[in-house]
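The values are calculated or read from the model by the stated rules, or taken from the named source; none is laboratory data. No experiment lies behind these values; they were computed from the predicted model shown. No Cβ is skipped: glycine too gets one built from the backbone with ideal geometry, and neighbour counts run over all protein chains shown. Accessible surface areas use protein heavy atoms only, side chains included; no ligands, DNA or RNA. Shrake-Rupley method; radii C 1.70, N 1.55, O 1.52, S 1.80 Å.
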Amino acid sequence: MKQKLESIKQNVIECTKCELCKTRTNSVPGKGNFKSDVIFVGEAPGKNEDKNGEPFIGVAGKKLSAALEGAGILREQVYITNIVKCRPPKNRVPTTIERETCQDYLKQEISIIKPKIICVLGNTAFNSLLGGSEITKFRGKLVRKDNQLYFLTVHPAATIYNQELIKVLGKDIVKLFDLVTELKNKKKVKIDIEYTT
Ligand code: URA
Ligand code: SF4
């Protein structure tokens, strides 16, 4: 398991499949506990991440860490990754082509880790993974699609200048880990949205 993730990581580091490889400093592979029950999926690396090659280490990352700690979880216990693994210039939203070109890496991460729940952080991840939009309307909800559970919440970067959203993110992350505990105890959880394909 660990070896397979290492090989994905190496492929991401060397990847030149899309235009973003030309402007990045470093690719940013996913990072964390490969036995995690939850994978967190953000949008794309920002400036700090591009500089250091690690996901969520800037201000947004601090917000994510704080929300995790509020739920009694350390970030080392979970696995954190992004829809695209290279920083878009000026932090623009990654294009459909970039997201599609990069999606195999995330698919591989998910198929190796087999998380109980994928935590979708913000609109770009929501749109890319589930075709959704307006995350603030749907946050806090548990979705099932193709036998995989997804939990929706706001992007940590959105909480930077917004005290209300900090509380929302904190509350959602607590709910997320309550759901994980219930799943581990084989309890039935309430699915808010069911995708039928
Ligand atoms: N924002 C993201 O979506 N991902 C990161 O890794 C950092 C900031
Ligand atoms: Fe490759 Fe993804 Fe980086 Fe594009 S964003 S170069 S597909 S790793």
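Here are some notes:
- Residue-count net charge about Pro115 - beta-carbon cut-off 13 Å; Lys, Arg +1, Asp, Glu -1: +3
- Within the stretch 92-178: Cβ-based charge dipole about Cα centre, in debye rounded to nearest 20 (Lys, Arg +1; Asp, Glu -1): 280 debye
- Restricting the GluC sites (Glu not before Pro) of the stretch 61-145 to loop positions (DSSP other than H, G, I, E, B) with no more than 16 neighbouring Cβ atoms within 10 Å leaves Glu134.
- Among the protein heavy atoms of the chain, carbon and sulfur supply 49% of the accessible surface, probe 1.4 Å, non-protein parts ignored.
- The charge dipole of the stretch 1-117, taken about its Cα centre with unit charges on the Cβ atoms of Lys, Arg (+1), Asp and Glu (-1) only, comes to about 100 debye.
- Taking 14 Å as the straight-line reach from the Cα of Lys17, the aspartates and glutamates in range (excluding those fewer than 8 positions away in the same chain) are Glu98, Glu100, Asp104.
- Violating pairs (Cα-Cα greater than 32 angstrom) within the set Lys63/Lys184; Lys2/Lys51; Lys47/Lys190; Lys47/Lys116: Lys47/Lys190
- Selected from Ile173, Ala158, Pro55, residue furthest toward positive end of dipole (the chain; charges at beta carbon): Ile173
- Amide N of the stretch 85-100 lying under 16 Å from the label point, which is placed 7 angstrom from the Cα of Gln148 along Cα→Cβ: 85, 99-100
- Which of Thr136, Thr197, Thr95 is most accessible, then next, and so on - probe 1.4 Å: Thr197, Thr136, Thr95
- Net lengthening on full extension, Val93/Thr181 (0.36 nm per residue, minus Cα-Cα): 28.3 nm
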